[in-house]
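Below is one structure, written out as structure tokens; comments come after it.
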Amino acid sequence: MVKNMSSSMIRESFIQFFEDKQHTRVPSSSLIPYGDQTLLFTNAGMVQFKDVFLGIKSLPYKRAVSAQKCVRAGGKHNDLENVGRTARHHTFFEMLGNFSFGDYFKREAILYSWEYLTEVLELPKDKLYVTVYIDDDEAFQLWQEIAGIPSCRIIRLGEKDNFWSMGETGPCGPCSEIFIDRGEERSCGASECGIGKCDCDRWCELWNLVFMQYDRDEDGNLSLLPKPSIDTGMGLERVSAVMQGVDSNFETDLLRPIISSIEEKTEQKYYADDRGFPFRVISDHIRACTFLIADGVLPSNEGRGYVLRRIMRRAIRYCKVLGFEKPILHELVPVVVSIMGKTYPSIKDMQEYIQEVIRTEEERFIETLNEGMKIVNDIIDNLKSRDELIIKGEDAFKLYDTYGFPLDLTEEIANENGLSVDRIGFEKEMEKQREKARSARIENVKGTLSTQVIERFEELPSVEFTGYNTLSDTGEIIALINNNKLVDRFSGEDEIIIVLDRTPFFAESGGQVGDIGYMENNTSLVRVIDTLSFYGKAAHICKIEKGLLKIGDKLNTYVNKEFRYSTARNHTATHLLHKALREVLGDQVKQSGSFVSASRLRFDFNHFSALSNEEIEEIEKIVNNKILENIPVEVKKTTVQEALKQGAIALFGEKYGEEVRVVSINTYSKELCGGTHVNNTGEIGLFKIVSEGSIGSGLRRIEAITGLTIIDKFKEMENKIKEISKTLNVNPKDIIKRINELEENIKIKGKEISSLRNKLSNVIVDRLIVNANKVNNSLIICSKVDAFNIEELRNMADIAKDKVDSAVIILGAIIGNRINFVVKVTDDLVRRNVHAGQIAKEVAVVVGGSGGGRADMAQAGGKELNNTDKALEIGEQIVRNMIV
């Protein structure tokens, strides 16, 4: 009998156990793996230690333990489609892990895992099995020696199952997995049922121990690492199911309360079989949504935001399956918070914000879900009537593009109906759309270096940056690059890249542009037009005004003061803006990008709605008040851990070393930042937001100006006001009054024109009626007319219909670059099966367009203007046939 433990008890007992083994407790990192472009989400406990394992970064401790929040949905590790279908797959889960960075290895890892499982959790030893890599004799022997596991319960498996790699090259090694036999009653019943042979619920994998002992080179050769390491991972949900004696992760205290809440809201009972599938999907997905939003992800159409949208919309769809027609998913957030808010306080602090984001997405999707489902059902019905089994790629793309259906949602609906989706066709349609936006996603590369140059460039000594304390210095040339080649000397008109051993020029990074200025010595003068960062070294993009440069030459360097100070004003203002946004909009606001130059600043942040005028004014007021307070701006160096403890904000996408710069504006703002700043806020002068808008779903952008740039902006506006007042022939203070008078006059004239055009329409219609053909006592009014817009064309048709007892009216008018038709049928002819929509469809074909509508009224249109008369002739003939 296994003792019962709550998930909270298990989590804490695990961490405490390893703390007693001299491991440092490390908090869970964000679900967004900052600085790692290879991953969409943090999907394992080792992700935050990746640079340590790669030897790029060192830590003050050699042993660590963590409970890491993880998401596996999208990319290589994607469990989305399995969620709800099995007892143990999730999009969001917690991974318990212990780590050794070149300290202990296999023996201790095996000893600790066995001790924790059998002595702390008190799992029955005779129910535990392990797997080892097929060639790992050491692990095979250690399991027998330390744990006393007989060889018959140690299974050797191949590279696919028991060899772990960080990538194609780099650290890797064999792994050993610990399973528990949950009893024959949970067996799949297959004759080959067993670990490595099937994936049934009898054999539950608890823990994976990775022995990182090799380094794999580009040719696939393995060499021993000088300091082997340990990386382990155990799913909290799985071990909770075992400790709580339940058949499924969904019945643990981590998920069952959510399912119970869904039961209450639906007044439906949950079942562990297929009937409970929607409950399981919703309970899993609401956890993923809650934690992703808390970590700064918002629903959008690309990247992480698109994965969140897919998860959210899949859950919304299953809410509808359970009978919900109104937004309900957001109401489950408090249940998630009640379960996990103590361990992860951020979701408790941001509960209202998380609910609002989900509710907004629900409202958006529900608007199109019903209509989209009608389209899906029509497609499915048509396919089944033709005995076809594949939804066309263009149909799937239409559902995605028009109704917001992610492809996997369409595939899921198709599978439920025994169909599949043409993925290749869908991707072709997607590629057409991607092509339009591809240029926006390609980074602007100002220079391209060959592999040979890069290798030599990386071998150069480090460059000392002196620009925090001075704007002038002297440096020695250590590299010259021209036309993608390293050169020893250079003179000429082409651009030349100069690398010095020390420089006061700030190289573009962290959103701040690079410095400009000049360099000189007794024989040469060089203009610096930009400063970039190439592989960690400041690269000055230059034009030689005179002289010859050689490797080893000394140059006196001078940064453009006005440019630097203007950039510094904007950078410090960006910090004030960031803090003001969080004050006005909430602490959930996170920076997602920035651009700081001498002329302006741009700040991108997550927020799900446009800012009101009142919010913008409040933000400007806060920033300008802080400028007037003339607060000192202080810079200190410390460790990342200490900076975060002091409340400093670490920004999105930045990768920090152990030592960081903390820029503090008194106690008001504190951020990790490597940029240049003013000495006190008063130097900024003034702050003004010039624009605020959307740059994608859930992302906003503010552009602002400071200092003398605002004076220039005021002068520009002043000149425009003078020009407007001159044009209107009024005093500047009377401009608004004059505009209101003009608007009123335009309205009056518009009504007069409308009245005249209506009278003209009546005259035109009277002539059409007089000249109309009559068939079986019904008129056929079919003609091309002049109309200002489609509303006027409809009005003419209505006038004609009101003036006759029995008629079919077909009027056509060229409006813009299209020929438009309006078809009207009187009630008596509708009863005789004369159908306006059918007539409109036939007419539209002639002009290469489309048409349709109701029996009594319809519209058509196309771009083949030369076929207008022919279309009217065919329309009249169709009417004759119908009436006769």
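The values are calculated or read from the model by the stated rules, or taken from the named source; none is laboratory data. Everything numeric here is computed off the predicted structure, so don't read it as measured data. In this analysis, Cβ positions are derived from the backbone assuming ideal geometry, glycine residues included, and neighbour counts consider all displayed protein chains. These accessible areas exclude ligands, DNA and RNA; they are computed on the full protein's heavy atoms, side chains included. Shrake-Rupley method; radii C 1.70, N 1.55, O 1.52, S 1.80 Å.
What the table shows:
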| item | result |
| --- | --- |
| Solvent-accessible area, 1.4 Å probe, carbon plus sulfur percent, for the chain | 47 |
| Cβ-defined net charge surrounding Trp114, 15 Å radius [Lys, Arg +1; Asp, Glu -1] | -1 |
| Lys/Arg +1, Asp/Glu -1 at C-beta; segment 235-372 dipole; positive extreme among Asn301, Pro278, Ile347 | Asn301 |
| 1.4 Å probe accessible area per residue over segment 451-565, in Å² | 50 |
| Answer label, with Rg and Dmax of the Cα atoms in Å calculated from the coordinates and candidates (i) 29.3, 112; (ii) 33.4, 104; (iii) 35.3, 109 | (iii) |
| Table column - 3J(HN,Hα) (Hz), segment 302-308, Karplus curve with 6.51, -1.76, 1.60, x for Gly and Pro | 8, x, 4, x, 6, 4, 4 |
| DSSP-defined antiparallel bridges as percent of all bridges, the chain, nearest 5 | 90 |
| Size of electric dipole in the chain: Cβ of Lys, Arg +1 and of Asp, Glu -1, about Cα centre, debye, nearest 20 | 2400 |
| Whole-Hz ³J(HN,Hα) from phi, Karplus 6.51 cos²θ - 1.76 cosθ + 1.60, for segment 175-190, glycine and proline x | 10, 9, 10, 10, 10, 10, 7, 8, x, 4, 5, 9, 6, 6, x, 6 |
| Percentage, to the nearest whole number, of Cα pairs in segment 97-173 over 20 Å apart | 38 |
| Mean separation of Cα contacts under 8 Å, 6 or more apart, over the residue count of the chain: relative contact order % | 6 |
| Counted charge near Ile134, where neighbours are those whose Cβ lies closer than 11 Å (Asp, Glu -1; Lys, Arg +1) | -3 |
| Peptides ranked, highest mean first, by Cβ atoms within 10 Å: ranges 249-256, 523-530 | 249-256, 523-530 |
| Other-chain or far-sequence residues with amide H under 5 Å of Thr232's (modelled H) | Asn98, Val210 |
| Listed residues Thr572, Phe92, Ala539: farthest to the positive end of the dipole of the chain (Cβ charges) | Thr572 |
| Built amide H within the under 5 Å cut-off of Leu779, gap 5+ | Ser806, Ala807, Val808 |
| C-alpha center-to-center spacing [segment 129-187, segment 295-344] in angstrom | 37 |
| Contact order relative to length of segment 763-870, as percent, for alpha carbon pairs under 8 angstrom and 6 or more apart | 20 |
| Among Pro228, Thr503, Val26 - extreme Cα towards positive end, dipole of the chain, charges at beta-carbon | Thr503 |
| Theoretical FRET efficiency, 1/(1+(r/R0)^6), r = Cβ-Cβ of Thr86 and Thr523, R0 51 Å, to 0.05 | 0.10 |
| Mean accessible surface per residue for segment 153-257, computed with a 1.4 Å probe while every protein chain stays in place, in Å² | 43 |
| Accessible area (Å², per residue) of segment 724-785, counting only protein heavy atoms and a probe of 1.4 Å | 75 |
| Cβ crowding within 10 Å averaged over residues, with 689-701, 262-274, 323-335 ranked highest first | 323-335, 689-701, 262-274 |
| The chain - mean residue ellipticity at 222 nm from DSSP helices (-39,500 (n - 2.57) per run, n ≥ 4, rounded to 500) | -12500 deg cm²/dmol |
| Förster-model FRET efficiency, 25 Å R0, Gln452 and Asp217, C-beta, rounded to 0.05 | 0.80 |
| Karplus 3J(HN,Hα) series, Hz, for segment 728-734 with 6.51 cos²θ - 1.76 cosθ + 1.60 (x for Gly, Pro) | 7, 6, 9, 5, x, 6, 9 |
| Rounded FRET efficiency, nearest 0.05, which uses the C-beta distance separating Asp387 from Arg186 and R0 of 41 Å | 0.55 |
| Order of exposure, largest accessible area first, which applies to Tyr403, Tyr318, Tyr34, Tyr565 with probe 1.4 Å | Tyr565, Tyr34, Tyr403, Tyr318 |
| Accessible area, probe 1.4 Å, largest first, for residues His89, His835 | His835, His89 |
| Centre separation in Å (Cα based) which lies between segment 191-259 and segment 695-744 | 63 |
| Student exercise, segment 554-676 dipole from Lys, Arg, Asp, Glu Cβ charges, in Debye to nearest 20 | 620 |
| Computed accessible area, Trp114, all protein chains, 1.4 angstrom probe, square angstrom | 20 |
| Rounded to the nearest 20 debye, dipole of segment 257-319 from Cβ charges on Lys, Arg, Asp, Glu | 220 |
| Local electrostatic count, Lys720, Cβ distance below 14 Å [Lys/Arg +1, Asp/Glu -1] | 0 |
| DSSP-assigned coil residues among trypsin sites (Lys or Arg not before Pro) in segment 618-692, each with at most 14 further Cβ atoms within 10 Å | Lys655 |
